[in-house]
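Only one structure is covered here, and it is reproduced in the block below.
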Amino acid sequence: MAYLLVMGSVLLSIGVCLGWACWSLGRWTLGRLLPGGRQSSGTATPKAKPGPRGRSRSDASTKAANKAQVKSEPRQEPRASRGKAAPAKAVKNKEPTPPWALTRGLSRFGSALPLGLLVALIYGVVRLAEKGMAARAESTPEGYHQLVSVLGVTAVALLALALVSRFCRWRVDRYERRQ
């Protein structure tokens, strides 16, 4: 009876996980295929650039005064630091490279973390049941050990995917903030 209870709960959990994945995939597919579908959170929306603003006289005079002050002060740097300052300045002004398509694609896997945590919880319960079954006199079914190992590998893979997705999301957000 305990075997049926445990296997039934495992089967129900796997069914819920697969149903969730199919539902998310279906919503994503319909959102892409239907006209006027919503944009995914990973795509960058074009931002309106501000137009040129008129400058007041005080801004222009302040700028001119700052330039004159900078020109009047002589710069005295040691020779050792002159060579090092130029490359640092070039790196600072360099434009950030856009993220690759793979990075943008991986950043959209936001549901990998909850799904990975759910599978890890299921793995923990099934592993506990496996230990309990090993302590009894009867032998455990052969397929059960394979199920436990597959659930463990799946949990680790989903959690790794969630970590990579979080890193990619950070990279894309960082690039979009600089633009």
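The values are calculated or read from the model by the stated rules, or taken from the named source; none is laboratory data. These numbers were taken from a predicted model, which means no experiment stands behind them. Ligands, DNA and RNA are excluded from the accessible area calculation, which covers all protein heavy atoms including side chains. Shrake-Rupley method; radii C 1.70, N 1.55, O 1.52, S 1.80 Å.
Relative to the present Cα-Cα distance, how much length would full extension add between V164 and A120 at 0.36 nm per residue of separation? List each step's numbers first, then the result.
Working: separation 44, 0.36 × 44 = 15.84 nm, distance 1.72 nm.
The span from V164 to A120 would gain 14.1 nm if fully extended.
Can you put S139, S9 in order of accessible area, largest first, using a 1.4 Å probe?
Numbers: S139 100, S9 55 Å².
Sorted by accessible area, descending: S139, S9.
Quick one: how many Å² of T140 are accessible to a 1.4 Å probe, rounded to 10?
Roll a 1.4 Å probe over it and T140 shows about 30 Å².
So, in Å, what gap is there between the alpha-carbon centers of the stretch 3-31 and the stretch 109-168?
14
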